[in-house]
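Comments concern the structure below.
The values are calculated or read from the model by the stated rules, or taken from the named source; none is laboratory data. Please read all numbers here as calculations on a predicted model, not as lab measurements. In this analysis, Cβ positions are derived from the backbone assuming ideal geometry, glycine residues included, and neighbour counts consider all displayed protein chains.
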Amino acid sequence: EPGTKHFQELGEAVSLGTERAAVLAGGKAFGGALARQARFTLYTSRLPTWHHRLKVGASWFFEGTSPRPLQPLGIKR
């Protein structure tokens, strides 16, 4: 028999390019750089295990959350 799962609504977040985001949480909407950090927090809190959350959080903390440069795909025309 499947166990009972609990769902907690944390809000909605969307990336708007590399430096901005929009977040709807607790009935409030906000955007910009603060929303970008909130999006990272929401994303991390939704990861399945504490081990995964710590790994991703440490990566963002120590390596930064600045966008990585685009890399060519290597597709030849």
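Residues in segment 20-55 that are farther than 16 Å from GLN8 by Cβ and part of a loop (DSSP other than H, G, I, E, B): ARG20, THR49. If you go through segment 49-64 one residue at a time, do you hit one that is under 13 Å from the mean Cα position of the chain (by Cα), touching a residue at least 24 places away in the same chain (Cβ under 8 Å) and surrounded by 10 or more Cβ atoms within 10 Å (Cβ to Cβ)? Scanning segment 49-64, I find no residue that is under 13 Å from the mean Cα position of the chain (by Cα), touching a residue at least 24 places away in the same chain (Cβ under 8 Å) and surrounded by 10 or more Cβ atoms within 10 Å (Cβ to Cβ), so the answer is no.
With the structure loaded, tell me whether VAL23 is among the aliphatic types (A, V, I, L, M), modelled with pLDDT of 80 or more, surrounded by 10 or more Cβ atoms within 10 Å (Cβ to Cβ) and in contact with a Ser or Thr (Cβ under 9 Å, 6 or more places away or on another chain) or whether it fails that test. Here the answer is no, as VAL23 does not meet what is asked. Tell me, which residue of segment 1-19 that is polar (S, T, N, Q) and assigned to a loop (DSSP other than H, G, I, E, B) is farthest from GLY57 (Cα to Cα)? Within segment 1-19, the match that is farthest from GLY57 (Cα to Cα) is THR4.
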